[in-house]
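Since every read-out is calculated from the coordinates, none of them should be taken as a lab result. Quantities reported herein were computed from a predicted structural model and do not represent experimental measurements. FYI the Cβ positions are ideal-geometry reconstructions off the backbone, even for glycines, and counts take in every protein chain you see.
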Amino acid sequence: MTLRLAFVPGATPDKWARAWRDRSREPLELVPIEQDEQREVLLDGRADMVLARLPMDTEDLYCIPLYEELPVVVLSKEHAGAAYDELTTADLVDEQFALGVPEGVSSAVEQLPFPEMSVKDAVEVAASGTAVVVLPMSVARLYHRKDVASVVVTDLPTTRMALAWRKDADDDRTQAFVGIVRGRTSRSSRG
């Protein structure tokens, strides 16, 4: 039976997938999904487990926090902020935001009514110099272009990544994958 692991943009399941393939006879299928699907894929059975970006409704799910991601602002290489390694939310007060003003940022300018767009489109808008976009660092890396810079925003909260699966689907197979994610070797016990 195939173990299906879904993952959101920016998540990197490679090392765990390699370890699973080395230890298990069962195949592993990696299922790329959008962030707004991360709970739904578990509930509708398209995936057994998901590498998710929190927050997420975890009712009826087991959820193991894995690591945190730094927030970055993606802006045109021509933008004055591109010259810095770090910025604060105060440095972003006069910016237009392609995906809306992030929580924790106070904008002093009236925001342009951008149409709904994908993250890839928002990065393209940032490259044009029309607006900026705040993203988790891994997502900014995924959509990186030569004409943009990604600068850490030091006073925004980090994003937390987690492994989640349905409580009613907790079995030896999911626990074997949890063991891999937690760094247990093939010879270690579950304790």
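Classify segment 71-153 from the C-alpha gyration tensor, please: rounded if a/c falls under 1.5, else prolate or oblate depending on whether a/b exceeds b/c. Walk me through the numbers before you get to the answer.
Numbers: a/c = 1.39, a/b = 1.08, b/c = 1.29.
Rounded.
Taking a cut-off of 26 Å between Cα atoms, list the lysines near Lys77, but don't count ones fewer than 8 places away on the same chain.
Partners within reach: Lys120, Lys146.
For segment 29-42, take each phi angle, set θ = phi - 60°, evaluate the Karplus expression 6.51 cos²θ - 1.76 cosθ + 1.60, and give the result in whole Hz per residue in order, putting x for glycine and proline.
Those phi angles translate into 10, 8, 10, x, 9, 8, 4, 6, 9, 4, 7, 4, 5, 6 Hz.
Most fluctuating residue of Arg25, Arg39, Arg145 in a GNM of the chain with Cα springs under 10 Å: which is it?
Looking only at Arg25, Arg39, Arg145, the biggest GNM fluctuation is shown by Arg25.
Please work out the C-alpha center-to-center distance from segment 1-70 to segment 124-172 and express it in whole Å.
16
Where does the charge balance sit around Arg166 when Lys and Arg score +1, Asp and Glu -1, over other residues with C-beta under 9 Å from its C-beta?
Values: positive: Lys167; negative: Asp48, Asp60, Asp168, Asp170.
Local net charge: -3.
Report, as a whole number in µm² per second, the diffusion coefficient that Stokes-Einstein gives for segment 1-155 at 10 °C and 1.306 mPa s using the Kirkwood radius over alpha carbon pairs.
Working: Rh = 17.2 Å.
D = 92 µm²/s.
Non-local amide H neighbours of Phe97 (under 5 Å, H modeled in plane, Pro and chain starts lacking H): which ones?
Long-range HN contacts for Phe97: Leu112, Val132.
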